Amino acid sequence: WPLLLSVVVVPASLQLLLLRCFPESPRYLLIERNDIPRATEALRWFLGTSDVRDEVEEMQEEQRSLSSVDAVSVWRLLRDRSVRWQTLSVVVVNAGMQLSGIDAV
């Protein structure tokens, strides 16, 4: 078991070493951080083209639409009567999967 559990050290170390070679997600840079120049540069690198105006405009439209949506907290979700049964069924199914060991397999 110690040998099998230590096998994950090699890919994890390799991933940490190579992490700096890849740019951050253009969507994350534009929508979450509002960093248009870095998002444009990451899109150019990812797509391999210099004209990425359409993609940037599409992501900015998504950013505008997401800013108008209200985020729901977990407590508010649990108190909401309209989704109580759906939330309860999801919790029960996930707890059953975790307790049965199927996820581990």
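Quick check, is residue 32 more than 30 Å from residue 88 (Cβ to Cβ), acidic (Asp, Glu) and touching a residue at least 24 places away in the same chain (Cβ under 8 Å)?
no
Any residue in the stretch 54-71 that's of a type outside the set (Ser, Thr, Tyr): show its pairings with residues that are assigned to a loop (DSSP other than H, G, I, E, B) at Cβ separation under 9 Å, as long as the two are six or more apart or on different chains.
Between residues of the stretch 54-71 that are of a type outside the set (Ser, Thr, Tyr) and residues that are assigned to a loop (DSSP other than H, G, I, E, B), the close pairs are 63/34.
Just to be sure before I move on: is residue 14 within 17 Å of the chain's Cα centre (by Cα) and assigned to a helix (DSSP H, G or I) in the structure I sent?
In short, no.
Looking at the stretch 17-48, which of the residues that are of a type in the set (Ser, Thr, Tyr) and part of a helix (DSSP H, G or I) is nearest to residue 67 (Cα to Cα)?
28
Just for the stretch 13-25: of the residues that are free of Cβ contacts under 8 Å to residues at least 12 places away in the same chain and surrounded by 10 or more Cβ atoms within 10 Å (Cβ to Cβ), which one is nearest to residue 46 (Cα to Cα)?
Once the filter is applied, the top-ranked residue is 22.
Kindly evaluate residue 89 against the criterion of being more than 27 Å from residue 23 (Cβ to Cβ), assigned to a helix (DSSP H, G or I), out of contact with any Phe, Trp or Tyr (no Cβ under 9 Å at 6 or more places or on another chain) and among the small types (Gly, Ala, Ser).
So residue 89 fits the description; yes.
Of all residues in the stretch 55-86, how many are among the β-branched types (Val, Ile, Thr), in a helix (DSSP H, G or I) and open to solvent by 90 Å² or more (accessible area, probe 1.4 Å)?
Selection size over the stretch 55-86: 1.
The values are calculated or read from the model by the stated rules, or taken from the named source; none is laboratory data. What you see is a predicted model; the values in this text were computed from it and never measured. All Cβ positions, even for glycine, are placed from backbone atoms using ideal geometry, and neighbour counts span all protein chains on display. Heavy atoms of the whole protein, side chains included, go into the accessibility calculation; ligands, DNA and RNA do not. Shrake-Rupley method; radii C 1.70, N 1.55, O 1.52, S 1.80 Å.
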